[in-house]
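The values are calculated or read from the model by the stated rules, or taken from the named source; none is laboratory data. Keep in mind the model is a prediction, meaning the values are calculated, not measured. All Cβ positions, even for glycine, are placed from backbone atoms using ideal geometry, and neighbour counts span all protein chains on display. Keep in mind that these areas ignore ligands, DNA and RNA; they rest on the heavy atoms of the full protein, side chains included. Shrake-Rupley method; radii C 1.70, N 1.55, O 1.52, S 1.80 Å.
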Amino acid sequence: MTQDEMRALVLAELQRIAPEVDGAALDGARPLREQVDLDSVDYLGFLVALHKATGVDIPESDYEAVATLDGCVAYLLAH
Amino acid sequence: MATTIAEVRLIDLRRVQADAWTLLDEAERVRAARFRHPEDARRWIAARAALRTELGAALEVPAASLVFRYSARGKPALAGASAGRIAFNLSHSAEWVAIAMVRAMGDGEPPPVGVDIEAIRPLDELAELVERCFAPEEREAWCALDEALRLAAFYRTWARKEACVKALGVGIGAPLHAVDVRDPAWPRVRLTEALTGHEHAWSLRDFDAAPGIVGALAVPKADVLLQVHDLSRAGGESEGDRAA
């Protein structure tokens, strides 16, 4: 999967949980939860949805690595 | 010995004044401006203004004068002249914010407090979140429930767990499965590497923030009087303690 394809997949899962999100408006380097009002259920649900879509499990110890959109894309591609 | 009191105040964000942002400091305004959706920013500003208003009233200082510091995990605490006088925590969901406060007793620092509220809404990843975040015994108890009761029970359990980990200040990466909250009168904090050193007796209680919005208030200390005030009702109706 290319970086663009992975980014589109991550955004699609994010938009399923927060439909109001405009992917183009997000700053990829800033934490998602600073830009989108996601509570803990939303956020962990998002990580579970990414696991289901990609097969990549994200353990608690790696949550910081996936806090941003760029980090999330890089993490999923690397694993 | 005087009883420690933890109180939670429930505020409807739609009732917060439109000029609430004037109470915020520069860092908070910058933080609010990072939200991409105006409604997210409005709720964050209103919740923050409500927090300042409640803390300011409790400390008898102007709300705009309060100074906050943040832990490495982002948990705010009072700094400056008010440092150490009140421990607090907040949570918002839908149009509600819950603000929890514990005042210092005598010369000591107040114990930390955690609060979480959750709007009950359908969840595609329900089973996976239970698998991932519930302790084995909680999972077993949840799976034994009638299907119709599971969604609300999930959010009730989640709010208790979040309130506990927020009180501990361990943040979003906390091992939620390490906190067993089946019995709110005595939640067991199971030991994992990440929670070593956090063994406590607890005071924990459930509350309903509004119809369809469940919450929990937690203090890692035994025998704390836990009070809930709904400021949206006339006179700020109080609910008596149930858990201490």
Notebook entry, point to check: Over all pairs of distinct alpha carbons, what does the Kirkwood formula give as the hydrodynamic radius of the protein assembly as shown, in Å?
Noted result: 20.4 Å
Notebook entry, point to check: What total accessible area, in Å², is buried where chains A and B meet, using a 1.4 Å probe and rounding to the nearest 100?
Noted result: 2400 Å²
Check: With a ≥ b ≥ c the root eigenvalues of the C-alpha gyration tensor of chain A, is it rounded (a/c under 1.5), prolate (a/b larger than b/c) or oblate?
Finding: rounded
Next item on the list: For B:LYS75, A:LYS52, write out the residues from largest to smallest accessible area, computed with a 1.4 angstrom probe and no ligands counted.
Entry: A:LYS52, B:LYS75
Next item on the list: For n ≥ 4 DSSP H runs only, could you compute -39500 (n - 2.57) per run for the protein assembly as shown, divide by its residues and tell me the 222 nm figure to the nearest 500?
Entry: -11000 deg cm²/dmol
Item checked: Counted charge near B:GLY173, where neighbours are those whose Cβ lies closer than 11 Å (Asp, Glu -1; Lys, Arg +1) -> -2
Next item on the list: Net charge near B:THR157: determine it from the other residues with C-beta under 12 Å of the C-beta of B:THR157, scoring Lys and Arg +1 and Asp and Glu -1.
Entry: -2
Notebook entry, point to check: Want the number for B:ARG73 to B:ALA148: 0.36 nm per residue separation, take away the alpha-carbon distance, what's left?
Noted result: 23.4 nm
Check: When the accessible area of region B:1-66 is split by element with a 1.4 Å probe, what percent falls to carbon and sulfur?
Finding: 54 percent
Notebook entry, point to check: Percent relative contact order of chain B, based on C-alpha pairs within less than 8 angstrom and at least six residues apart?
Noted result: 21 percent
Notebook entry, point to check: When all protein chains stay in place, what accessible area (Å², nearest 10, 1.4 Å probe) is found for A:MET1?
Noted result: 130 Å²
Checklist line | Cα centre as origin, Lys/Arg/Asp/Glu Cβ charges: region B:4-243 dipole, Debye | finding: 660 debye
Margin query: Taking beta carbons within 10 Å but only from partner chains, what does the mean come to for residues B:34-42?
Written below: 5
